[in-house]
Amino acid sequence: MPTVSVKRDLLFQALGRSYTDEEFDELCFEFGLELDEITSEREILSREQGGDKAGGASDVVLYKIDVPANRYDLLCLEGLVRGLQVFKQRIEAPRYQRVKAAGGETQKLIITKETASVRPHAVAAVLRNISFTQERYDSFIELQEKLHQNICRKRTLVAIGTHDLDTISGPFTYTAKAPGDILFTPLNQTNQYTATQLMALYKTDSHLRHYLHIIEEEPLYPVIYDSNGVVLSMPPIINGDHSKISLNTKNVFIECTATDVTKAKIVLDMMVTMFSEYCAEPFTVEEAEVIYPDGRSCVYPDLAYRTETLSGDFINRKVGIKESSENIAALLTRMCLKSAVSGRGDEITVEIPPTRSDVIHACDIMEDAAIAYGFNNIPRTTPKTYTVANQLPLNKLTELLRTDLAAAGFTEALTFALCSQEDIADKLGKNIKDVNAVHISNPKTADFQVARTTLLPGLLKTLAANRKMPLPLKLFEISDVVLKDSSKDVGARNSRRVCAVLCNKSPGFEVIHGLLDRIMQLLEVPPTRDNGYHIQAAEDSTFFPGRCAEIFARGQSVGRLGVLHPDVIGRFDLTLPCSALDLDIEPFL
């Protein structure tokens, strides 16, 4: 969940009243949010970087509020206050309007065909006659960053550019050029750089270096020019310094370039609806025209309202309440979903504003009704169908064995389910082609290339990491391994195994053999050939020749035990002899 930091005093001023911390925490809970932390800038720096770094930091109290990931309209102070005020019925939800340019020509953004290969979509709008204060400006910038990290997926889907319209002139051109042909002064710099030089410059930048990979390997980089050839931005990396906004900016041109046009429309709607309240004519946004390479023309922002209908009975059944359609409509209106009873039975008409892109289905509307009603107010009921939970037999057997293996003096380990190809092949004296392993198609590291087919490598690596511990070292693990299986719909299956390893000055095969006998005793499998278990000599490259046995239970092979081969021990950086047991426990269920 995204976390929004707001100054407490500024928040209370906007809400028109003060709350105690407990009262505001309760208000957040009622609205479906969570007050995560009450802190300050000084406290955050002191905790993260040490007390000496927090010397000049502010002591202003900050509220950190957890917001649902799909509620983009609550990612800034303006949206949060507006939502809470409507919820408490102090104001009505505003009506957002798209208007034409007053006494002037509509701003145009022309997209050229060169952008098709790198970032083909763009949308735009204008906030006219806006008034910034330092707090509003900071909130404006912070909302961009929150959206970039959230719906924009770290600028891969959408990148937002905001510009002082009075410093540039339209129409604007969105095109793509070779990196060496793009030359401009980037934001907060004094020198001009080519795009190639910028990529090298920002390689060490703690903030921007995370976005370079988006276009770094592309032959053409996206860029936006005004009619005079001034560079507005090189999305998704950096804006130009020429058109940067400030506290004195009165007209803001907002452009969003994207690989996903739907996300771009949502992001633009969020930016303009949140801050249009500071325009001379509140909640109005000046339209901009986007012209596509094929001649198509679209006007943005959408600011589209749509209507959904659903029955009061549907909400009552799903939430577990008994309210009239009129009361439910009132509850939804408190959640910025203007609602009314249609007059056809218990049908409710719900208007979805452009700020609520999270409302996709009737269930989303039902959830808002439940929040407004209050989760604590929903009466508790006994389920009509009685069910009794029961542990899976395999897990129950696993838990029972864990307890008894620990009682036998072995320490449980929990190792990674993924490992390297070497771990399950070369180090165990086997060929990877002969191992029935599931391979990861795009492994991030050499340590996690395949799913393990045996628990033994994990335990041996654990032993190697604990060589300084007093002898003997006795470890076990009961977990799943993954094996290829063409009969399964996913081409693989899990198999629950128990593996135990003993490391000492002598191999201690008799200890491992005794552990096998104890396990079979617990499983009530007698030591007989016919209907019980027995071991017989086997050859396995992982084990010392002549010191390996295969375990048979009720006529089928279920595992192996023996003294590990010295080469295997050496490959895992161990110097003392080891004996091991590897047993499949699923056949005993």
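Summary of values
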{"item": "Mean residue ellipticity (222 nm) of the chain, computed from DSSP H runs ≥ 4 via -39,500 (n - 2.57), nearest 500", "result": "-7500 deg cm²/dmol"}
{"item": "Which labelled figure in (i) 38.0; (ii) 34.6; (iii) 28.9 is mean projected area of the Cα convex hull in nm², once derived from the coordinates", "result": "(i)"}
{"item": "Inter-label distance, nm, simple model (7 Å from Cα along the C-beta direction), residue 292/residue 194", "result": "3.4"}
{"item": "Nearest-20 debye value, segment 227-378 charge dipole, Cβ charges on Lys, Arg, Asp, Glu", "result": "200"}
{"item": "Solvent-accessible area of residue 439 with every protein chain in place, 1.4 Å probe, in Å² to the nearest 10", "result": "90"}
{"item": "Amide H contacts under 5 Å for residue 177, placed H, 5+ residues apart", "result": "221, 223"}
{"item": "Accessible surface of the chain [probe 1.4 Å, protein heavy atoms]: carbon and sulfur percent", "result": "49"}
{"item": "Karplus 3J(HN,Hα) series, Hz, for segment 411-427 with 6.51 cos²θ - 1.76 cosθ + 1.60 (x for Gly, Pro)", "result": "9, 7, 10, 10, 10, 5, 7, 9, 8, 8, 4, 4, 4, 9, 10, 4, 5"}
{"item": "Within segment 347-430: Cβ-based charge dipole about Cα centre, in debye rounded to nearest 20 (Lys, Arg +1; Asp, Glu -1)", "result": "440"}
{"item": "Segment residue 101-residue 228, length gained on full extension (0.36 nm per residue, minus Cα span)", "result": "43.6 nm"}
{"item": "Size of electric dipole in the chain: Cβ of Lys, Arg +1 and of Asp, Glu -1, about Cα centre, debye, nearest 20", "result": "980"}
{"item": "Ordering of 511-518, 558-565 by burial proxy (mean other Cβ atoms within 10 Å per residue, highest first)", "result": "558-565, 511-518"}
{"item": "Among beta bridges that DSSP assigns inside the chain, antiparallel share in %, nearest 5", "result": "90"}
{"item": "Stretchable slack from residue 85 to residue 377, in nm (0.36 nm times residue separation minus alpha-carbon distance)", "result": "103.0 nm"}
{"item": "Accessible area per residue, Å², the chain with all protein chains present, probe 1.4 Å", "result": "49"}
{"item": "In Hz, Karplus ³J(HN,Hα) per residue of segment 453-461 (6.51, -1.76, 1.60; θ = phi - 60°; x = Gly, Pro)", "result": "9, 8, 7, 4, x, x, 5, 5, 5"}
{"item": "Integer Hz, Karplus 6.51/-1.76/1.60 couplings in order for segment 31-43, x for Gly and Pro", "result": "8, x, 10, 9, 6, 6, 7, 10, 8, 8, 4, 4, 5"}
{"item": "Dipole of segment 146-206, positive direction: furthest Cα of 190, 151, 161, with charges on the beta-carbon", "result": "151"}
{"item": "Given charges at Cβ of Lys, Arg, Asp, Glu: the chain dipole, positive-most of 580, 562, 492", "result": "562"}
{"item": "DSSP-assigned coil residues among GluC sites (Glu not before Pro) in segment 506-589, each with at most 16 further Cβ atoms within 10 Å", "result": "524, 539"}
{"item": "Highest to lowest packing among 67-77, 185-195, scored as the average C-beta count within 10 Å", "result": "67-77, 185-195"}
{"item": "Dipole of the chain, positive direction: furthest Cα of 283, 437, 360, with charges on the beta-carbon", "result": "437"}
{"item": "Distance violations [Cα-Cα > 25 Å] among 154/444; 7/146; 64/338; 265/318; 64/265; 396/430", "result": "64/338; 265/318; 64/265; 396/430"}
{"item": "Whole-angstrom gap from segment 349-412 to segment 283-332, using each part's C-alpha centre", "result": "29"}
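The values are calculated or read from the model by the stated rules, or taken from the named source; none is laboratory data. On a predicted model such as this, the values are computed, not experimentally measured, just so you know. Virtual Cβ from ideal backbone geometry, glycine too; neighbours counted across all protein chains shown. Protein only, heavy atoms only, side chains kept; ligands, DNA and RNA dropped before computing areas. Shrake-Rupley method; radii C 1.70, N 1.55, O 1.52, S 1.80 Å.
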